[in-house]
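Notes for the one structure printed next.
Please treat every number below as a calculation from the coordinates, not as lab data. These numbers come from a predicted model, not from an experiment. Using ideal geometry, Cβ is built from the backbone for each residue, glycine included, and neighbour counts are taken over all protein chains shown.
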Amino acid sequence: VKPLKIAVVPGDGIGIEVMPYGVRCLETVSKVFKIPIQFESFDFASCVFYQKHGDMLPPDWKETLMRFDAVYFGAVGMPDLVPDDITLWGSLLKFRREFDQYINLRPCRLMPGVPCPLAGRKAGDIDFWIVRENTEGEYSSIGGKIFEGTDRETVVQETIMTRTGVDRVLRYAFDLARSRPRKRLTSATKSNGISITMPYWDSRVNEMAKKYPDVNVDKYHIDILTAHFVQRPDIFDVVVGSNLFGDILSDLGPACTGTIGIAPSANINPDGQFPSLFEPVHGSAPDIAGKGIANPIGMIWAGQMMLHHFGYTEAADALLRAIENVLARSEVSIVTPDMGGQGSTKTLGEAVEREVMALSTER
Ligand code: NAD
Ligand code: IPM
Ligand code: MN
């Protein structure tokens, strides 16, 4: 069998701190399940690289990454050193667009043992997927600035929605909804205020819904949808939204289930023409970087999504079970401060790795 080739791109801040535990857990689970897997690390897509080379990426980055099946990505951003728009448009957003990773899939699940900030919710009550459009929408490079430095200074940034772009993310979300017991799809728009693009999205949802008569479709404006995320998160099954709305909902969702530190994300090119990218939802967290207390679960769970993506379901299930078991025990000395513990990246990362090994001896 051809080995799975993974490009490891840790990035900045806590990306560098959580990545080793992601790789170790993947190595351990692949050993147990005899999955041939190879890692190669790269120092580009980081602000340190930018300061050395004046660019976030080397000129041949695309050919380099194309040699891999997937990119395993930490997080980038050191806003005190490099402006965030330069950092992100020069790396992550470039990967998503150039590799046509048009699906951003993000689970939102209340896990056993994780303290929930919402009253009266227990593990299992919240369990849905966010499907975020990942290559167009509000994240557009069309726009500009005129009359700079004068009172007439004007900035414009267009939202782009193409029929192909909207339909393909909706199709993915409808398929996902169809595969789940509740078969419910929630679409996030803002069609009362944003009067051209958002009603367009709605009309494509209506059109797509005709092909999925078995899927129950709900549409909400984004403002009240955020309220429902807090007050009635149990009603959701698959939530689909534009690039920006999906971004916002996928921090809110994980925050409602305890901490964004555990949330993973899969940036998928479903056609397989380009590598997909797996990363935690969170960023480089400059406020805690260097302290060794970042939660590594988002990174590890992203690796789990990668195994699942490549069809290694048994290994993926085992890794998810290992994460769940460690979280369920929630030992104060093991779990990180964002979960109310006194542990570290190391204690939590190693606990998951140990749990993978323990599960393997049960096998
Ligand atoms: P952030 O996700 O980095 O941090 C937000 C808050 O959550 C901080 O208080 C942080 O300490 C906490 N946090 C995040 N991850 C954590 C973890 N694993 N364990 C414990 N606590 C965690 O978001 P931000 O502060 O808006 O952004 C910081 C930098 O990261 C910026 O440069 C931003 O552009 C960048 N960013 C990058 C990515 C990415 O590379 N995918 C994603 C989001 C933000
Ligand atoms: C995310 C991040 C990125 C986004 C930023 C860092 C550009 O917040 O992956 O959610 O907005 O997509
Ligand atoms: Mn985000």
Work out the P(r) tail for segment 1-151: percent of alpha carbon pairs separated by more than 28 Å, whole number. 37
How many nm is it between the label spots at Ile146 and Asp251, if each spot is 7 Å from the Cα in line with the beta carbon? 3.2
Taking Lys and Arg as +1 and Asp and Glu as -1, residues besides Ala45 with C-beta under 10 Å from its C-beta add up to -1
Of all beta bridges DSSP finds with both residues in segment 127-256, what is the antiparallel percent, to the nearest 5? 25
Helix-derived [θ] at 222 nm for the chain: sum -39500 (n - 2.57) over DSSP H runs of at least 4, divide by residue count, nearest 500? -12500 deg cm²/dmol
Around Ile262: net Lys/Arg minus Asp/Glu count, Cβ-Cβ under 13 Å: -1
Within the chain, which complete DSSP H helices have Cα atoms spanning at least 15 Å along the helix axis and a mean Kyte-Doolittle hydropathy of -0.5 or higher? 14-32, 163-178, 243-256, 297-309, 313-329, 345-362
So, with +1 on the Cβ of K and R and -1 on the Cβ of D and E, and no other charges, what is the size of the charge dipole of the chain about its Cα centre, to the nearest 20 debye? 1120
Calculated SAXS-style log₁₀ I(q)/I(0) at q = 0.15 Å⁻¹ - the chain, Debye, Cα scatterers: -1.42
Tell me the relative contact order for segment 127-256 as a rounded percent, counting alpha carbon contacts under 8 Å between residues six or more apart. 37
Cβ density ranking, 10 Å radius, fewest first, applied to His221, His282 yields His221, His282
Count the net charge of all other residues whose Cβ sits under 12 Å from the Cβ of Ile235, scoring Lys and Arg as +1 and Asp and Glu as -1. -2
Per DSSP, the loop-located GluC sites (Glu not before Pro) within segment 256-358 having at most 15 other beta carbons within 10 Å are Glu331
Any number yet on Rg/Rh for segment 127-256, C-alpha, Kirkwood? 1.04
Which lysines have a Cα lying under 16 Å from the Cα of Lys219, excluding residues fewer than 8 positions away in the same chain? Lys183, Lys190, Lys210
Antiparallel %, DSSP beta bridges [both residues in segment 11-163], to 5: 90
Between segment 72-122 and segment 343-361, the Cα center-to-center distance that results, in Å: 23
Of all DSSP beta bridges located in the chain, what percent are antiparallel, nearest 5? 40
Quickly rank 223-235, 247-259 as a protection proxy: mean count of other C-beta atoms within 10 Å, highest first. 247-259, 223-235
Within 10 Å of each residue's Cβ, count the other Cβ atoms and sort Arg121, Arg106 from fewest upward. Arg121, Arg106
